[in-house]
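These notes are about the structure you will find just below.
The values are calculated or read from the model by the stated rules, or taken from the named source; none is laboratory data. Values in this document were obtained by computation on a predicted structure and should not be read as measured data. Cβ coordinates were reconstructed from backbone atoms using ideal geometry, including for glycine residues, and neighbour counts include every protein chain displayed. Side chains are part of the model used for accessible areas, which takes the heavy atoms of the whole protein and leaves out ligands, DNA and RNA. Shrake-Rupley method; radii C 1.70, N 1.55, O 1.52, S 1.80 Å.
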Amino acid sequence: MNKIVLIIIPFFFSCNLRNTPKCSDENVKKITLNILKEELRYPLILKYSNSNFELDHVESADASPNDYSFSNEQRKIAEKYATNILDNLKLSNIITLKKQNNIKKCDCESHINVEYLNNLKIKYTAQLTDENETFIKLISIKQE
């Protein structure tokens, strides 16, 4: 009987090691920042390029830098501009809007704190998957 108890107890504890993530957990912030960097890279490149280069481009809501006629040098300058801004990206004023312990999920809100991207607010969720990995879903990025 003791052998069964010893097997069940470690299994029980291993299933409950990770709780609902918190909006301010370092891992949640790290993943969220990585997603934001991908989401904001093209808009920053385009913003810089439109302000500093005369470009022929396709008018589209889904335009990416590939839709513009960049020289290699212009592309490198614009990408360096975006990288410099995104390397300093931080989340501030992190708030937990809702926590659902039964599905290990929390709804979060935060401000993006970096020069040139003032007054941006984001909403996102953080949830543990069945494999105990943190899953982040970016809901919105809005200018306040």
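Pairs linking a residue in the stretch 80-96 that is farther than 10 Å from residue 109 by Cα to a residue that is of a type outside the set (Val, Ile, Thr) and loosely packed, with under 14 Cβ neighbours inside 10 Å, with Cβ atoms under 8 Å and 6 or more positions apart or on different chains, are 85/115; 85/116; 88/115. With respect to being open to solvent by less than 100 Å² (accessible area, probe 1.4 Å), modelled with pLDDT under 95 and among the charged types (D, E, K, R), residue 67 fits the description. Just so you know, in the stretch 21-40 the residues that are open to solvent by 70 Å² or more (accessible area, probe 1.4 Å) and of a type in the set (D, E, K, R) include one that is nearest to residue 76 (Cα to Cα), and it is 38.
Residues that are of a type in the set (Phe, Trp, Tyr) and not in a loop (DSSP other than H, G, I, E, B) within the stretch 92-142 comprise 124, 135, listed in sequence order. For the stretch 78-98, filtered to residues that are of a type in the set (Val, Ile, Thr) and open to solvent by less than 70 Å² (accessible area, probe 1.4 Å), the residue that is modelled with the highest pLDDT is 94.
Among the residues making up the stretch 108-144, those that are within 15 Å of residue 20 (Cβ to Cβ), under 17 Å from the mean Cα position of the chain (by Cα) and touching a residue at least 60 places away in the same chain (Cβ under 8 Å) are 108, 124, 126, 127, 128, 134, 136.
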